[in-house]
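Structure, as structure tokens:
The values are calculated or read from the model by the stated rules, or taken from the named source; none is laboratory data. Not measured: the values here are computed from a predicted model. As a convention, Cβ positions derive from the backbone with ideal geometry for all residues, glycine included, and neighbour counts pool all protein chains shown. Areas reflect the complete protein model, heavy atoms only, side chains present, ligands, DNA and RNA absent. Shrake-Rupley method; radii C 1.70, N 1.55, O 1.52, S 1.80 Å.
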Amino acid sequence: MPGTHNGSDGERELQERYGTQDRAQRFYDDQVLDRLNPAMIEFIGRMDMAFIATADKRGECDSTFRAGVPGFLHVIDERRIAYPEYRGNGVMASLGNILENPHVGILLIDFVRDLIGLHINGSAHIVPDPALRSVVTDLPVDHKGRTAENWVVVDVEEAYIHCRKHIPHLVLAPREQREWGTDNVRAKGGDYFGAKAEKNELAETSISAS
């Protein structure tokens with residue numbers, strides 16, 4: 001229901017410092033829900049990407065990008081959503097954080113049609129695909145022939161709007177077919193930022209100096 005969010009201690013301190021308490025309280029009262037309403041559920045169902053923030057037990061943060069066909073972020077009910085985890089680079093930074101600290105923040109943005117965003121904050125846990133599929137009968141079967149190894153199930157604690165003021169308007173363009181789950185270095189982006197080359201250069205320099 002509206003008005004369930006009271007803000008963090010840091011929020012309240014800064015609101016008092018800058019005199020924004022009334023404006024912030026109106027936003028809490030008018031826009032912050034502790035569940036997904038029908039408009040939010042419809043919005044989630046047509047999104048094909050999400051930005052997901054996690055932190056470990058020390059509070060060190062990670063932000064990652066997830067994408068799939070519309071509906072890949074699956075609404076179980078008004079208080080629970082789930083998104084699939086496929087094989088990636090093997091680091092499992094987000095899942096590792098969730099094991100230590102269940103708090104997650106999800107940001108969905110419609111860059112194409114309505115230019116609006118939706119924040120979903122909540123508590124997450126990892127569920128193997130067979131276990132979740134046994135109780136959520138309408139869970140998507142696969143994505144381009146791939147079945148998720150695990151799902152991240154998020155219990156919704158807050159859901160609220162991200163205003164459209166500075167959201168850019170993007171136009172969808174055709175893209176080349178990309179192989180899901182590939183280990184092809186070029187297809188995955190290679191050493192785009194030159195990190196591997198830089199480390200190799202440093203290693204060679206160190207060997208030469210020794």
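Give the residues of the stretch 90-105 that are farther than 22 Å from Met49 by Cβ and either in contact with a strand residue (DSSP E or B) (Cβ under 6 Å, 6 or more places away or on another chain) or acidic (Asp, Glu) (or both), sorted by residue number.
Once the filter is applied, which keeps residues that are farther than 22 Å from Met49 by Cβ and either in contact with a strand residue (DSSP E or B) (Cβ under 6 Å, 6 or more places away or on another chain) or acidic (Asp, Glu) (or both), the stretch 90-105 yields Glu100, Asn101, Pro102.
Is it the case that the stretch 88-100 has a residue that's more than 28 Å from Gly59 (Cα to Cα) and small (Gly, Ala, Ser)?
no
Identify the residue in the stretch 125-138 that is under 25 Å from Ser63 (Cα atoms) and either among the β-branched types (Val, Ile, Thr) or in contact with a Pro (Cβ under 9 Å, 6 or more places away or on another chain) (or both) and, among all such residues, is most open to solvent (accessible area, probe 1.4 Å).
His125
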